[in-house]
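Written out below as structure tokens is the structure these notes cover.
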Amino acid sequence: MLNKEGFFKPHHSKLSAFYRLSDTLIIAFVLLAALLIFGVPVDDKYLVAMFLAITVFNVVAESQSLYESFRGATLTQYLTPVGRSWLVTVVILLGLGWMLKISAEFSRLVLGSWMLVVPFLMIAWRLIVRVGLAKYRSYERFTRKVAIIGAEPMSLQLAEVIRDTPSLGLKLLGFYDDRRSSKRRNIDGLSEDLIIGDVQEAVDLAKAGEVDLVYIAMSLKGQERILKIINELTDTSVAVHLVPDFFVFDLLHSRLINLGPIPTISVYESPYFGVNGWAKRAEDIVFSILILLIIAIPMLIIAIGVKLSSPGPVIFKQRRYGMDGSEMRIWKFRSMTTCDDGDTIVQAQKNDVRVTRFGAFLRRHSLDELPQFINVLQGSMSIVGPRPHAVAHNEEYRRLISDYMLRHKVKPGITGWAQVNGWRGETDTVEKMKMRVEHDIYYIRNWSIWFDIMIIVRTVFTAFWGKSVY
């Protein structure tokens, strides 16, 4: 089934299991081969590294949807997750080696060869399999005839995938819809010429054995009609797939979930379910520890500067909403003469008299946010995610902006997609906050470890120097 903005993750197939096994064997084989070629003994530390790499790679690969169906995907979409998954795995392994101070115990030739060769072999193997499957499916005798019932936007998307991906081995007969005789010359983006028959004709073809696969792509409003069509198709041997038009909703990582024996569809869901949550937490722990080690001395100097610049606490703790709307306290270096945390909070503005001279410097370069890496290590925040707003601001904007509270489907972050795109600092108009929320929701829909790394890199080079932060 089509996967749009996280909708309906496909079930893992035999091909998925095959790729999992082949990736595991490639990781193990390349390391053992490198040890043999360079004459390095196979000892416990290399075996531990091998099993750790396999485990981390599988966790990261899940977050990259590496083992889901890529039918209909472009070559870039098919291969890019492989490189991303292995790159993140390498970064994590190198980070662990650096923290544990054991990097020097390994042969650099062995590790370097291993880390470079593995992704090339994985990609090469996938290309071989893809070409083989395409060749197999291209033979006419393996083609399956498809009928699409319903003239909806989803119908056109299905047709485009079938047309653009001959390796699927599917041959589209056409669309079947009872509105064929309508005076309308265009039905939901489908020209009337594409609708070659009504629904009953499709059912008759199925009963006559002239079609192998039927997709029912109809609006949810036609529930009774859909049920009637399905009942009629029970008298056939065709494979029937239901493609209801759930995309009338503004879906957020929707997926199929079984509640006992009852299938349900989540309309709004966090992307951090299952191994994705483990991968996100591992990312936060590794990066926050590395960063805290680097900024420990600068933080100490800043703390002294805050204490000397004005009376009051060094760390300012303010109530914010965290994941699922739960309340948390965010840590910041105090940059104002006040520590507002009540029901009404005035945002900092240009030339705000509450901001100290040293605090203005900290805020301009986002240095006041550094203690939040402790929040990340504690688990209440992530390095990347929607910026947390004060509770008072949340209560104000949730009434003004639809979908505002969907930001809380993930942990708040130190930086985010909105921030690196310029939507940071003062939000003196509702429109500015709407743009921030739109970027936050885009991030949630498209989250991946690789997306996080890209945002972190952009933050380092751009976000710390914003002019809209007072």
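If we keep just the residues of the stretch 130-177 that are in a loop (DSSP other than H, G, I, E, B) and crowded, with 18+ Cβ neighbours inside 10 Å, which is modelled with the lowest pLDDT?
First, the residues of the stretch 130-177 that are in a loop (DSSP other than H, G, I, E, B): 139, 143, 150-152, 165, 169, 177.
Those still in the list that are crowded, with 18+ Cβ neighbours inside 10 Å too: 150-152, 169, 177.
On the way: 150: 85, 151: 79, 152: 76, 169: 71, 177: 86.
Only one residue fits best here, namely 169.
The residues in the stretch 362-409 that are of a type outside the set (Ser, Thr, Tyr) and over 14 Å from residue 318 (Cα atoms) can be counted, and the count is 28.
In this structure, is residue 52 part of a helix (DSSP H, G or I) and modelled with pLDDT of 80 or more?
Values: part of a helix (DSSP H, G or I): yes; modelled with pLDDT of 80 or more: yes.
In short, yes.
Taken over the stretch 459-468, residues that are at pLDDT 75 or above and either within 27 Å of residue 269 (Cα to Cα) or not in a helix (DSSP H, G or I) (or both) amount to 1. Scanning the stretch 86-122 for residues that are surrounded by fewer than 18 Cβ atoms within 10 Å (Cβ to Cβ) and either small (Gly, Ala, Ser) or in contact with a strand residue (DSSP E or B) (Cβ under 7 Å, 6 or more places away or on another chain) (or both) returns 95, 97, 103, 104, 107, 112. Taking each residue of the stretch 35-49 that is touching a residue at least 40 places away in the same chain (Cβ under 8 Å) and looking for partners that are among the hydroxyl-bearing types (Ser, Thr, Tyr) and part of a loop (DSSP other than H, G, I, E, B) with beta-carbon atoms closer than 6 Å, six or more apart or interchain, yields 40/107.
Those residues that are of a type in the set (S, T, N, Q) and either under 21 Å from residue 157 (Cβ atoms) or not assigned by TED's automatic domain parsing to the domain that holds residue 169 (or both), I need them from the stretch 193-222; list them, please. Break it down into steps so the answer makes sense when it comes.
Narrowing the stretch 193-222 to residues of a type in the set (S, T, N, Q): 200, 219.
Once the filter is applied, which keeps residues that are of a type in the set (S, T, N, Q) and either under 21 Å from residue 157 (Cβ atoms) or not assigned by TED's automatic domain parsing to the domain that holds residue 169 (or both), the stretch 193-222 yields only 219.
Does residue 454 satisfy being in a helix (DSSP H, G or I), farther than 30 Å from residue 56 by Cα and modelled with pLDDT of 85 or more?
Values: in a helix (DSSP H, G or I): yes; farther than 30 Å from residue 56 by Cα: no; modelled with pLDDT of 85 or more: yes.
Here the answer is no, as residue 454 does not meet what is asked.
Taking the stretch 220-276, which residues are part of a loop (DSSP other than H, G, I, E, B), loosely packed, with under 12 Cβ neighbours inside 10 Å and modelled with pLDDT of 80 or more? Selection gives 234 alone. Being in contact with a His (Cβ under 7 Å, 6 or more places away or on another chain), modelled with pLDDT under 80 and assigned by TED's automatic domain parsing to the domain that holds residue 317 is a condition met by at least one residue of the stretch 338-349.
So that you can scan it fast, the table gives a plain yes or no per residue for (1) in the same structural domain as residue 36 (by TED's automatic domain parsing); (2) more than 22 Å from residue 42 (Cα to Cα); (3) without any contact (Cβ under 8 Å) to a residue 40 or more places away in the chain:
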site: 105; (1), (2), (3): yes, no, no
site: 108; (1), (2), (3): yes, no, yes
site: 122; (1), (2), (3): yes, yes, no
site: 162; (1), (2), (3): no, yes, yes
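When the stretch 364-387 is filtered for residues that are in a helix (DSSP H, G or I) and either over 21 Å from residue 296 (Cβ atoms) or not assigned by TED's automatic domain parsing to the domain that holds residue 456 (or both), only 364 remains.
Please find, within the stretch 410-445, the residue that is farthest from the chain's Cα centre (by Cα) out of those that are part of a loop (DSSP other than H, G, I, E, B) and without any contact (Cβ under 8 Å) to a residue 24 or more places away in the chain. Across the stretch 410-445, the extreme among qualifying residues is 429.
The values are calculated or read from the model by the stated rules, or taken from the named source; none is laboratory data. Worth saying up front: this structure is predicted, and the values here are computed from it rather than measured. With ideal geometry, Cβ positions are generated from the backbone for all residues, glycine too; neighbour counts draw on all protein chains shown.
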